[in-house]
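Q: Below are the structure tokens for one structure; questions will follow.
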Amino acid sequence: MASNRHSLLLPVYVPTALLAFGQGLLIPTLPVYAATFGVPFTLVSLAVGAAAIGTLVTDVPAGMLLGRLGRKPAMLLGTMLVAVSTLLIGLAHYFPELVVYRLLAGAGTALWGLSRHAYITDIAPVAERGRSIAIFGGINRIGVFAGPAVGGVVGASLGLNVPFLLASFMAIIATVISLLFIRETGACAGSSSATCSRRTAPTWPRPASPRPSPR
């Protein structure tokens, strides 16, 4: 049991804590930051909800991409997309940029979320999967709960775009940790993307050949 939690510590739990805390940093500053672009509050709410929209829209494509890429490439792609898009949010000059980057962050969250759940399923024994996923969920919530207090202080003292830069830096660290400690699992272990795609493609049962009718 302890060795199982240790095997998930660096590949899943530490990157999850970093990403969750980074996203929590943005909760108090994002609406105020979006309002500085001179848009009405209806568009400010769009900027706040754009990441959730991006996750919702890309969940199914992310699942399909996960089956083709494999666990590790999908997790790395998801964390990198979150890191880059969050950095660009802090450097945005126009409001449409902000919305697009938030949508991309949501897409990265979808890919990272699906791949890490699949990774936990591969690594954890059946009897320990519930506990492992519960620990992951608790770490995620703790990070989101702790982030706003720090994000508010950083935004008020250093500038509204600084929490985005800090969150991006934390996502970059999460990407590096994932790169170093995730090992490929499942049908894609040790295989190229093309081989993985062929091995994980669903094989539907073929209809039985009709029997010749008696004469």
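Q: Look at segment 145-168 and say how many of its residues are surrounded by fewer than 17 Cβ atoms within 10 Å (Cβ to Cβ) and within 14 Å of A17 (Cβ to Cβ).
A: Summing the residues that are surrounded by fewer than 17 Cβ atoms within 10 Å (Cβ to Cβ) and within 14 Å of A17 (Cβ to Cβ) in segment 145-168 gives 3.
Q: Scan segment 63-70 and tell me whether some residue there is touching an Asp or Glu at 6+ places or on another chain (Cβ under 9 Å) and within 18 Å of R183 (Cβ to Cβ). Show your work before the answer.
A: First, the residues of segment 63-70 that are touching an Asp or Glu at 6+ places or on another chain (Cβ under 9 Å): 70.
Checking the rest, the ones that are also within 18 Å of R183 (Cβ to Cβ) come to 70.
Yes, some residue in segment 63-70 is touching an Asp or Glu at 6+ places or on another chain (Cβ under 9 Å) and within 18 Å of R183 (Cβ to Cβ).
Q: For residues that are in contact with a helix residue (DSSP H, G or I) (Cβ under 7 Å, 6 or more places away or on another chain) and among the β-branched types (V, I, T), scanning just segment 84-109, find the one that is farthest from Y33 (Cα to Cα).
A: So, considering only residues that are in contact with a helix residue (DSSP H, G or I) (Cβ under 7 Å, 6 or more places away or on another chain) and among the β-branched types (V, I, T), the one farthest from Y33 (Cα to Cα) is T109.
Q: While we're on this one: When segment 31-47 is examined, which residues are found to be in contact (Cβ under 8 Å) with a residue 24 or more places away in the chain and closer than 24 Å to R141 by Cα?
A: Selection gives V32, Y33, L46, A47.
Q: Can P11 be described as surrounded by 19 or more Cβ atoms within 10 Å (Cβ to Cβ), over 18 Å from N140 (Cβ atoms) and either in contact with a Pro (Cβ under 8 Å, 6 or more places away or on another chain) or modelled with pLDDT under 90 (or both)?
A: Values: surrounded by 19 or more Cβ atoms within 10 Å (Cβ to Cβ): yes; over 18 Å from N140 (Cβ atoms): no; either in contact with a Pro (Cβ under 8 Å, 6 or more places away or on another chain) or modelled with pLDDT under 90 (or both): yes.
Here the answer is no, as P11 does not meet what is asked.
Q: Go through I89, I139 for me and flag whichever is buried (at least 22 other Cβ atoms within 10 Å of the Cβ) and touching a Phe, Trp or Tyr at 6+ places or on another chain (Cβ under 6 Å).
A: Numbers: I139 fails: buried (at least 22 other Cβ atoms within 10 Å of the Cβ).
Testing whether each residue is buried (at least 22 other Cβ atoms within 10 Å of the Cβ) and touching a Phe, Trp or Tyr at 6+ places or on another chain (Cβ under 6 Å) leaves just I89.
Q: Could you tell me whether any residue of segment 118-127 is buried (at least 18 other Cβ atoms within 10 Å of the Cβ) and among the charged types (D, E, K, R)? Talk me through it step by step, then tell me what you get.
A: We begin by selecting, within segment 118-127, every residue buried (at least 18 other Cβ atoms within 10 Å of the Cβ); these are 118-120, 123-124.
Filter again for among the charged types (D, E, K, R), leaving none.
So far as segment 118-127 goes, no, none of its residues is buried (at least 18 other Cβ atoms within 10 Å of the Cβ) and among the charged types (D, E, K, R).
Q: If we keep just the residues of segment 32-46 that are of a type outside the set (S, T, N, Q) and assigned to a helix (DSSP H, G or I), which is surrounded by the most Cβ atoms within 10 Å (Cβ to Cβ)?
A: A34
Q: From (1) surrounded by fewer than 21 Cβ atoms within 10 Å (Cβ to Cβ); (2) more than 14 Å from I172 (Cα to Cα); (3) small (G, A, S), pick out the condition that doesn't hold for A17.
A: (2)
Q: Would you check if there is a residue in segment 97-118 being outside any helix (DSSP H, G or I), under 16 Å from V12 (Cα atoms) and in contact (Cβ under 8 Å) with a residue 60 or more places away in the chain?
A: As a first pass, look at segment 97-118 and keep what is outside any helix (DSSP H, G or I): none.
There is no residue in segment 97-118 that is outside any helix (DSSP H, G or I), under 16 Å from V12 (Cα atoms) and in contact (Cβ under 8 Å) with a residue 60 or more places away in the chain.
The values are calculated or read from the model by the stated rules, or taken from the named source; none is laboratory data. From a predicted model like this one, the values you see are computed outputs, not experimental measurements. FYI the Cβ positions are ideal-geometry reconstructions off the backbone, even for glycines, and counts take in every protein chain you see.
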